[in-house]
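Participant: Attaching a single structure in structure tokens format; questions to follow.
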């Protein structure tokens, strides 16, 4: 099986105002190069794209979504929802993402990846963080494939760790899974992404809270970049 590596490194910034999440990232990503971790607001990050955990309808009415909407203006929600309508018939499944122009110089793009189907849904007993994080990175693959060099840096918050109720260490480990997946290969489509992650993490609740899981490439499929 051939795994084609990323042609150029992606600068990844993990930032959150939640101290336990930041500390959990530092433990989970301690041996992972190219990842910057700090406590603070995503609004302060000078990067090409921000990743916002959202809901399946793209309603930016709570959490980080609402903060970003206030910062970028109401038009950002219209662009996100238009992309969801055009590409996913109006409902964005967990494990999928859309990437839209932000309408600003910083960031140039907003990636919306749902961690939940509805606003304020508890997702602590699900794989949604891994699915959402992997989908966000898949969106970067797709954007750079369409227009090479579009996204060279990205900032993410603790996905599902606040509104979704996911414990900080679980959130960090599942985001590590999504990040390493990006570095290893990309998927043909979001359906393949969801199927692969779900199959391999299905019994993750039995693992120790400190255990990280690396996803293996789909059997018999060549990974593509």
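The values are calculated or read from the model by the stated rules, or taken from the named source; none is laboratory data. Owing to the predicted nature of the structure, the values given are computational and were not obtained by experimental measurement. Cβ sites come from the backbone with ideal geometry, for glycine too, and all protein chains shown count toward neighbours.
Participant: If you scan region 100-136, which residues turn out to be at pLDDT 95 or above, surrounded by fewer than 24 Cβ atoms within 10 Å (Cβ to Cβ) and not in a loop (DSSP other than H, G, I, E, B)?
Facilitator: Scanning region 100-136 gives 100, 101, 109.
Participant: Here is a further query. Does region 30-45 include one or more residues that are assigned to a helix (DSSP H, G or I) and more than 16 Å from the chain's Cα centre (by Cα)? Write out each step before concluding.
Facilitator: First, the residues of region 30-45 that are assigned to a helix (DSSP H, G or I): 42-44.
From the residues that got through so far, the ones that are more than 16 Å from the chain's Cα centre (by Cα) too are 43-44.
So far as region 30-45 goes, yes, one or more of its residues are assigned to a helix (DSSP H, G or I) and more than 16 Å from the chain's Cα centre (by Cα).
Participant: Quick test of your reading of the structure: residue 69 fulfils all but one of (1) over 17 Å from residue 104 (Cβ atoms); (2) assigned to a helix (DSSP H, G or I). Name the failing condition by number.
Facilitator: Result: residue 69 passes all but (1).
Participant: Looking at region 54-66, can you tell me whether even one residue there is surrounded by 17 or more Cβ atoms within 10 Å (Cβ to Cβ), touching a helix residue (DSSP H, G or I) at 6+ places or on another chain (Cβ under 8 Å) and at pLDDT 95 or above?
Facilitator: no
Participant: Considering only residues that are within 27 Å of residue 88 (Cβ to Cβ) and surrounded by fewer than 16 Cβ atoms within 10 Å (Cβ to Cβ), look in region 185-203 and name the one that is modelled with the lowest pLDDT.
Facilitator: First, the residues of region 185-203 that are within 27 Å of residue 88 (Cβ to Cβ): 185-202.
If we keep only those that are surrounded by fewer than 16 Cβ atoms within 10 Å (Cβ to Cβ) as well, we get 188-189, 191-192, 195, 198-199, 202.
Numbers: 188: 84, 189: 90, 191: 93, 192: 92, 195: 91, 198: 89, 199: 88, 202: 77.
So, considering only residues that are within 27 Å of residue 88 (Cβ to Cβ) and surrounded by fewer than 16 Cβ atoms within 10 Å (Cβ to Cβ), the one modelled with the lowest pLDDT is 202.
Participant: Counting only residues that are within 15 Å of residue 179 (Cβ to Cβ) and surrounded by 19 or more Cβ atoms within 10 Å (Cβ to Cβ), how many does region 17-34 have?
Facilitator: Quick first cut of region 17-34, residues within 15 Å of residue 179 (Cβ to Cβ) only: 21, 24-34.
Cutting the leftovers down to surrounded by 19 or more Cβ atoms within 10 Å (Cβ to Cβ) gives us 21, 24-25, 28-29.
Qualifying residue count for the region: 5.
Participant: Which of the following residues is without any contact (Cβ under 8 Å) to a residue 60 or more places away in the chain and in contact with a helix residue (DSSP H, G or I) (Cβ under 8 Å, 6 or more places away or on another chain): 186, 171?
Facilitator: Values: 171 fails: without any contact (Cβ under 8 Å) to a residue 60 or more places away in the chain.
One residue alone meets the criteria, 186.
Participant: List the number of the failed condition for residue 86; all other conditions in (1) surrounded by fewer than 18 Cβ atoms within 10 Å (Cβ to Cβ); (2) in a strand (DSSP E or B) hold.
Facilitator: It is condition (2) that residue 86 fails.
Participant: Read through the list (1) at pLDDT 90 or above; (2) within 15 Å of the chain's Cα centre (by Cα); (3) buried (at least 18 other Cβ atoms within 10 Å of the Cβ), then give the number of the only condition that residue 180 fails.
Facilitator: Unmet for residue 180, out of (1) at pLDDT 90 or above; (2) within 15 Å of the chain's Cα centre (by Cα); (3) buried (at least 18 other Cβ atoms within 10 Å of the Cβ): (3).
Participant: Among residues belonging to region 142-151 that are closer than 19 Å to residue 105 by Cβ and under 15 Å from the mean Cα position of the chain (by Cα), point out the one that is surrounded by the fewest Cβ atoms within 10 Å (Cβ to Cβ).
Facilitator: For region 142-151, the residue satisfying everything is 143.
Participant: Taking the residues in region 196-207 that are free of Cβ contacts under 8 Å to residues at least 12 places away in the same chain and in a helix (DSSP H, G or I) as candidates, determine which candidate is farthest from residue 156 (Cα to Cα).
Facilitator: Only one residue tops the list, namely 206.
Participant: Then there's this: Can you report the number of residues in region 149-159 which are in a loop (DSSP other than H, G, I, E, B), at pLDDT 95 or above and closer than 22 Å to residue 189 by Cβ?
Facilitator: Of the residues in that region, 2 qualify.
Participant: Working only within region 160-189, note down all residues that are under 16 Å from residue 115 (Cα atoms) and not in a loop (DSSP other than H, G, I, E, B). So that I can check it myself, show each step before the final result.
Facilitator: Taking region 160-189 and keeping what is under 16 Å from residue 115 (Cα atoms), we get 160-168, 170-179.
Within region 160-189, 168, 170, 171, 172, 173, 174, 175, 176, 177, 178, 179 qualify.
Participant: Taking the conditions exactly as written (within 18 Å of residue 66 (Cβ to Cβ), out of contact with any strand residue (DSSP E or B) (no Cβ under 8 Å at 6 or more places or on another chain) and touching a residue at least 12 places away in the same chain (Cβ under 8 Å)), does residue 165 satisfy them or not? Steps first, please.
Facilitator: Details: within 18 Å of residue 66 (Cβ to Cβ): yes; out of contact with any strand residue (DSSP E or B) (no Cβ under 8 Å at 6 or more places or on another chain): yes; touching a residue at least 12 places away in the same chain (Cβ under 8 Å): yes.
It is true that residue 165 is within 18 Å of residue 66 (Cβ to Cβ), out of contact with any strand residue (DSSP E or B) (no Cβ under 8 Å at 6 or more places or on another chain) and touching a residue at least 12 places away in the same chain (Cβ under 8 Å).
Participant: Can you say whether residue 165 is on the phi > 0 side of the Ramachandran plot and crowded, with 24+ Cβ neighbours inside 10 Å, as far as the supplied structure shows?
Facilitator: Values: on the phi > 0 side of the Ramachandran plot: yes; crowded, with 24+ Cβ neighbours inside 10 Å: no.
So residue 165 fails the test.
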